[in-house]
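Asks: Sharing a structure with you now.
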C-alpha cells in the first residue's frame, strides 16, 4: 500500500514544521539549508528518506528521485550525534556512518531539529490564558523534577543491592584494582615471552 | 479511446455528440465546484490527499522549476508545488472551468499561497503556452473529462520541456482481487446518495462513477501516452488500482 505508508511521514513532516514555526530562531538556522536536499539510508528503515528544505519548512519523501546534495547511510541512534561535526570522523571510522556530498548539511539539519527552542509556556498562554498556562507549566516542572529524583533514587538503590547486598557486581575500586592487576600480569607475560625468545 | 474517429463520444454511459461533451462536463463542475473539496474528502475517506501527495513525491519537483497543473481545480497540487518551487519557480494552475478556477484561486489566496502562482483558464486539448515551457505537467482526475484525450496528451507533450515529465493521476481499473465488486457497489449505490446528501446533486456523482468506468485502463492509457510521444512511460497502481499514477518523459 504505497499511499498508506505515506501517512507517518506526512504526520512527522507536519509535526516538524509546526515545531519549527514555533521557534523564531529556527528561521535563521534554516536559511543556510534552503534549496538543499539530503537523503538518509537508515538501517532501521526499509526505504531511503529524502529531506528537502524550503522557505516554509521541511519536506519528507520516501520516493528516491533525482540527485541530492548529501547522502548518508547510518543508524537511527547515530543521528543525534551528527550535530557535532567533530563526531563525523569517529563515526565513519567506526563504520556507523557513510556519507557522500556535503557533510556540513547533515550537521546543520540535525542541529536545526536538536536546537529547537520553544517557549511552551508562551504557546500555552496563547491557547488557554496566562494563569492556567503558568499553573500547568509549574506542575510540569515539578513532576519532571520528581521523576528525575525518583529515577536517581532507584538507581542508587539498585547499585546498593547489586554491589553490597547481593555482591553481583564489583565496586568501582575493586574493578580498578582488578584492571591494574591484569595490566601487570600482561606486562609480566610479555617480559617472559621476550625472555623466552632471546633464550631460544 | 479513438476519440477522434467517431462523431459521438461517451459522457458517462451515455453517447453524446463530440461538441456537446465539453458543455456537459462544464455543467457537472459548475454544479459541484462549491462543495468539491468536501465531497472529495467524504467520497475517498480522505485518501485523495495521499494519492496527490504521492504524485508530488514522484514529480521530482525542485526549487526554480516551472510546473503546469492542468485541471487543477481547487488547487490541492498547486499549493504543494508552490511551496516546493519557491520564489524562483512558477506554478500555473489551469482549468477549463471558470467556477472551479475561482474556487481554487480564492482558496489558495486565503491560505497565503501567492507570488509564484498564475491562474489560466485553458483547454487541455489546446494549451495556450509556448513549446517547451514546463519542467513538470500534472493532470489529476482531469483527463477522464477531456473530450479528445489524445489531442490533450499531444498538447501537453508540446509545452513540456525536453527532460520534463508528465504525471497523470486518474481513476483506473481495480486489480486487487475482490475489490471490483465492492468498488462497484460503492460507486453506483453509495456515491450518488452521498452526492445527493452533501452537494444536493446525485446526477453529477452518477456521472463521476460512470466516467470512471469509461476511462481507459492502465495499459491502454500507457499506450496512448507512448503514442503521443512520451518515453519511459510507466504506471503505478494506488489503493489496489482504484487510482493509477502514469508517468512519461519527453526526451
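The values are calculated or read from the model by the stated rules, or taken from the named source; none is laboratory data. Here the structure is a predicted model, which means the values were calculated and not measured. Neighbour counts run over all protein chains shown; Cβ positions are idealised from the backbone, glycine included.
Asks: Taking the stretch B:82-100 as the search range and keeping residues that are at pLDDT below 90 and within 26 Å of residue B:125 (Cβ to Cβ), which one is surrounded by the fewest Cβ atoms within 10 Å (Cβ to Cβ)?
Replies: That would be B:98.
Asks: Sticking with this one: Which number in (1) surrounded by 14 or more Cβ atoms within 10 Å (Cβ to Cβ); (2) out of contact with any helix residue (DSSP H, G or I) (no Cβ under 6 Å at 6 or more places or on another chain); (3) away from chain B (no Cβ under 14 Å); (4) assigned to a helix (DSSP H, G or I) marks the one condition that residue A:99 misses?
Replies: Residue A:99 satisfies every listed condition except (4).
Asks: Let me ask another. Tell me which residues, restricted to the stretch B:240-249, are surrounded by fewer than 21 Cβ atoms within 10 Å (Cβ to Cβ) and either part of a loop (DSSP other than H, G, I, E, B) or within 9 Å of another protein chain (Cβ to nearest Cβ) (or both).
Replies: B:240
Asks: Now, a different point. Condition test on residue B:184, is it touching a residue at least 24 places away in the same chain (Cβ under 8 Å), over 20 Å from the mean Cα position of the chain (by Cα) and surrounded by fewer than 19 Cβ atoms within 10 Å (Cβ to Cβ)?
Replies: no
Asks: Let me ask you something else. For the stretch A:56-79, indicate whether the set of residues that are away from chain B (no Cβ under 14 Å), exposed (fewer than 13 other Cβ atoms within 10 Å of the Cβ), under 18 Å from the mean Cα position of the chain (by Cα) and closer than 30 Å to residue A:123 by Cα is non-empty.
Replies: yes
Asks: Among the listed residues B:240, B:229, B:195, which satisfies the condition of being touching a helix residue (DSSP H, G or I) at 6+ places or on another chain (Cβ under 8 Å), over 28 Å from residue B:159 (Cβ atoms) and modelled with pLDDT of 85 or more?
Replies: Of the residues listed, the single one that is touching a helix residue (DSSP H, G or I) at 6+ places or on another chain (Cβ under 8 Å), over 28 Å from residue B:159 (Cβ atoms) and modelled with pLDDT of 85 or more is B:240.
Asks: Additional query: Condition first: within 14 Å of chain A (Cβ to nearest Cβ) and without any contact (Cβ under 8 Å) to a residue 40 or more places away in the chain. Now tell me which residues in the stretch B:25-47 satisfy that.
Replies: B:44, B:45, B:46
Asks: Sort through A:192, A:185, A:109, A:116 and tell me the only one that's modelled with pLDDT of 85 or more and under 30 Å from residue A:34 (Cα atoms).
Replies: Exactly one of A:192, A:185, A:109, A:116 is modelled with pLDDT of 85 or more and under 30 Å from residue A:34 (Cα atoms), namely A:109.
Asks: When residues of the stretch B:219-236 are filtered for being surrounded by 19 or more Cβ atoms within 10 Å (Cβ to Cβ) and part of a strand (DSSP E or B), how many remain?
Replies: Adding up the residues that qualify gives 2.
Asks: For the stretch B:42-56, indicate whether the set of residues that are within 16 Å of the chain's Cα centre (by Cα), within 22 Å of residue B:207 (Cβ to Cβ) and in a loop (DSSP other than H, G, I, E, B) is non-empty.
Replies: No, because not a single residue in the stretch B:42-56 is within 16 Å of the chain's Cα centre (by Cα), within 22 Å of residue B:207 (Cβ to Cβ) and in a loop (DSSP other than H, G, I, E, B).
Asks: On to the next question. When you check residue A:7 against the structure, is it free of Cβ contacts under 8 Å to residues at least 60 places away in the same chain and away from every other protein chain (no Cβ under 14 Å), yes or no? Steps first, answer last, please.
Replies: Working: free of Cβ contacts under 8 Å to residues at least 60 places away in the same chain: yes; away from every other protein chain (no Cβ under 14 Å): no.
For residue A:7, the condition - free of Cβ contacts under 8 Å to residues at least 60 places away in the same chain and away from every other protein chain (no Cβ under 14 Å) - is not met.
Asks: Is at least one residue of the stretch B:103-113 assigned to a loop (DSSP other than H, G, I, E, B), on the phi > 0 side of the Ramachandran plot and out of contact with any helix residue (DSSP H, G or I) (no Cβ under 8 Å at 6 or more places or on another chain)?
Replies: Looking through the stretch B:103-113, at least one residue is assigned to a loop (DSSP other than H, G, I, E, B), on the phi > 0 side of the Ramachandran plot and out of contact with any helix residue (DSSP H, G or I) (no Cβ under 8 Å at 6 or more places or on another chain).
Asks: Continuing with this model, one more query. Could you grab me the full set of residues in the stretch A:1-22 that are within 20 Å of the chain's Cα centre (by Cα), farther than 11 Å from residue B:53 by Cβ and surrounded by 14 or more Cβ atoms within 10 Å (Cβ to Cβ)?
Replies: Result: A:16, A:17, A:19, A:20.
Asks: Restricting to the stretch B:202-212, and then to whatever is touching a strand residue (DSSP E or B) at 6+ places or on another chain (Cβ under 9 Å) and surrounded by fewer than 20 Cβ atoms within 10 Å (Cβ to Cβ), can you tell me which residue is nearest to the other protein chains (Cβ to nearest Cβ)?
Replies: B:211
Asks: Against the definition (assigned to a helix (DSSP H, G or I) and away from chain B (no Cβ under 12 Å)), how does residue A:30 come out, yes or no?
Replies: Judged against the criteria, residue A:30 is a match.
Asks: Ok, one more. Scan the stretch B:173-187 for residues that are within 15 Å of residue B:210 (Cα to Cα) and assigned to a loop (DSSP other than H, G, I, E, B) and report the count.
Replies: Within the stretch B:173-187, residues that are within 15 Å of residue B:210 (Cα to Cα) and assigned to a loop (DSSP other than H, G, I, E, B) number 2.
Asks: Let me ask something additional. Scanning the stretch A:42-55 for residues that are away from chain B (no Cβ under 11 Å) and in contact with a strand residue (DSSP E or B) (Cβ under 8 Å, 6 or more places away or on another chain), which turns out farthest from residue B:89 (Cα to Cα)?
Replies: The residue in question is A:43.
Asks: Here's a follow-up. Within the stretch B:56-81, can you find the residues that are facing another protein chain (nearest Cβ under 10 Å) and in contact (Cβ under 8 Å) with a residue 12 or more places away in the chain?
Replies: B:56, B:58, B:59, B:60, B:61, B:62, B:63, B:64, B:80
Asks: Condition test on residue B:20, is it on the phi < 0 side of the Ramachandran plot and within 14 Å of chain A (Cβ to nearest Cβ)?
Replies: Considered against the rule, which asks whether it is on the phi < 0 side of the Ramachandran plot and within 14 Å of chain A (Cβ to nearest Cβ), residue B:20 comes out as no.
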